[in-house]
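Below is one structure, written out as structure tokens, with a few remarks after it.
Just so you know, all these numbers are worked out from the coordinates, no wet-lab data involved. Please read all numbers here as calculations on a predicted model, not as lab measurements. Backbone-built Cβ (ideal geometry, glycine too); neighbour counts: all protein chains shown.
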Ligand code: ADP
């Protein structure tokens with residue numbers, strides 16, 4: 001039996017009269033990539049931000065690596081890596097300066113070169129954040145989650161707005177981070193991303209969990225109900241064509 005690193009029980013969140021999260025429960029196992037999937041407004045970010053200790057819950061219980069969110073939020077902060085919204089970085093600072101800033105906040109000594117190498121930005125240490133492409137900004141943002149040597153990282157829609165090459169590149173990095181033993185929780189509304197990356201997913205709609213399982217199980221369950229796609233399934237997608245014609249290598253550097 002795998003160790004549960006996050007346990008969420010009957011979590012609710014109200015914003016005034018809006019019930020954004022309506023009593024959801026799920027577990028995340030150590031070392032997995034766990035996806036929260038759902039349409040806009042489903043409650044994914046709210047759920048994530050509560051677990052990250054950034055937002056207060058209305059009711060329910062959350063444990064992270066055995067620490068209670070109510071009793072030990074500071075211990076939780078020390079073992080997680082959280083992405084800022086991209087607008088949260090000082091655009092005029094260089095990547096090296098931003099890493100120093102983060103290291104200071106975490107009170108950690110860091111190897112900037114190694115961290116930038118991990119996300120393929122070694123040659124950009126002296127570049128300003130605002131000079132980076134969208135893909136590079138996302139990779140840098142991923143790097144900042146690693147500064148704290150976290151057990152768990154939280155990624156909120158990390159590939160929104162990226163082109164297919166940059167998305168695949170980010171997927172590879174996320175898989176690499178997981179290989180080093182880090183647990184990853186990711187929100188997305190891209191189903192191909194969830195299929196590619198996630199060991200298990202929770203599908204959330206209107207503040208409720210509809211299902212939690214592996215992507216394969218979810219698909220098999222649907223097929224078992226007699227569901228058939230109305231359109232003939234081809235052996236390739238338009239995205240496959242795009243990658244085939246334009247290559248896998250990044251264009252941004
Ligand atoms: P998702 O991440 O799935 O798009 P959110 O967690 O951002 O969903 O939002 C869930 C619901 O809560 C939405 O109806 C949203 O409008 C509402 N909401 C989110 N943040 C706030 C807030 N600070 N104040 C009021 N309503 C909010």
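Rounded, prolate or oblate: pick one for the range 176-253, where a ≥ b ≥ c are the square roots of the eigenvalues of its C-alpha gyration tensor, a/c under 1.5 means rounded, and failing that, prolate if a/b is larger than b/c, else oblate. Walk me through the intermediate numbers first.
Working: a/c = 2.21, a/b = 1.17, b/c = 1.90.
Oblate shape, in that a/c is at least 1.5 and b/c is the bigger or equal ratio.
In square nanometres and to one decimal, what's the mean projected area of the convex hull around the Cα atoms of the chain? Don't skip to the answer; put the middle values down first.
Numbers: hull surface 62.3 nm².
If I average the Cα hull's projected area over directions, I get 15.6 nm².
For the range 47-170, how big is Rg over Rh, using alpha carbon atoms and the Kirkwood form of Rh?
Values: Rg = 15.4 Å, Rh = 15.5 Å.
For the range 47-170, the value is 0.99.
Give me the percent relative contact order of the chain, please, defined on Cα pairs under 8 angstrom at least 6 residues apart.
25 percent
In whole Å, largest first, what are the principal axis extents of the Cα atoms in the range 107-180?
Over the range 107-180, Cα extents along the principal axes are 34, 28, 17 Å.
I want the antiparallel fraction of DSSP beta bridges within the chain, as a percent rounded to 5. Intermediate values should be presented prior to the final figure.
Values: 22 of 39 bridges.
DSSP beta bridges in the chain are roughly 55 percent antiparallel.
Taking the Cα atoms of the range 111-253, what is the range of coordinates along each of the three principal axes, in descending order and whole Å?
56, 38, 27
Of the candidates 118, 217, 97, which one comes out as most mobile in a Gaussian network treatment of the chain with C-alpha springs shorter than 10 Å?
217
Of 207, 23, 226, which is the most mobile in a GNM of the chain whose springs link Cα atoms less than 10 angstrom apart?
Between 207, 23, 226, it is 226 that shows the largest mean-square fluctuation.
Which order results if 62, 223 are arranged by neighbouring Cβ count within 10 Å, fewest first?
Values: 62 20, 223 11.
Going from least to most buried by this count: 223, 62.
Would you mind calculating the relative contact order of the range 1-108 from Cα pairs under 8 angstrom and at least 6 residues apart, reporting the percent as a whole number?
Details: 130 pairs, mean separation 26.6, N = 108.
It comes to 25 percent, rounded to a whole number.
Restricting to bridges with both residues inside the range 111-222, how much of the DSSP beta-bridge set is antiparallel, in percent to the nearest 5?
Just about 50 percent of them are antiparallel.
For the range 34-90, just say rounded, prolate or oblate: build the C-alpha gyration tensor, square-root its eigenvalues into a ≥ b ≥ c, call rounded for a/c under 1.5, and beyond that prolate if a/b exceeds b/c, oblate if not. Provide the component values of the computation, followed by the final result.
Working: a/c = 1.91, a/b = 1.22, b/c = 1.57.
Because a/c hits 1.5 or more and a/b fails to exceed b/c, the range 34-90 counts as oblate.
Quote the relative contact order of the range 37-182 in percent (integer), defining contacts as alpha-carbon pairs under 8 Å separated by 6+ residues. Please report the intermediate quantities before stating the final value.
On the way: 154 pairs, mean separation 36.8, N = 146.
With pairs under 8 Å counted, the relative contact order is 25 percent.
Would you order 53, 58, 159 from fewest to most other beta-carbon atoms within 10 Å of each residue's own beta-carbon? Provide the component values of the computation, followed by the final result.
On the way: 53 18, 58 14, 159 23.
The fewest-first ordering by Cβ neighbours comes to 58, 53, 159.
Counting other C-beta atoms within 10 Å, which of 17, 68, 180 has the fewest, and how do the rest follow?
On the way: 17 5, 68 14, 180 10.
Fewest to most other Cβ atoms nearby, the residues stand as 17, 180, 68.
Looking only at 131, 196, 232, which one moves most when the chain is put into a Gaussian network model with springs between Cα atoms under 10 Å?
232
What is the projected area of the convex hull of the Cα atoms of the range 1-103, averaged over all directions, in nm²?
Values: hull surface 33.4 nm².
So the Cα hull casts an average projection of 8.4 nm².
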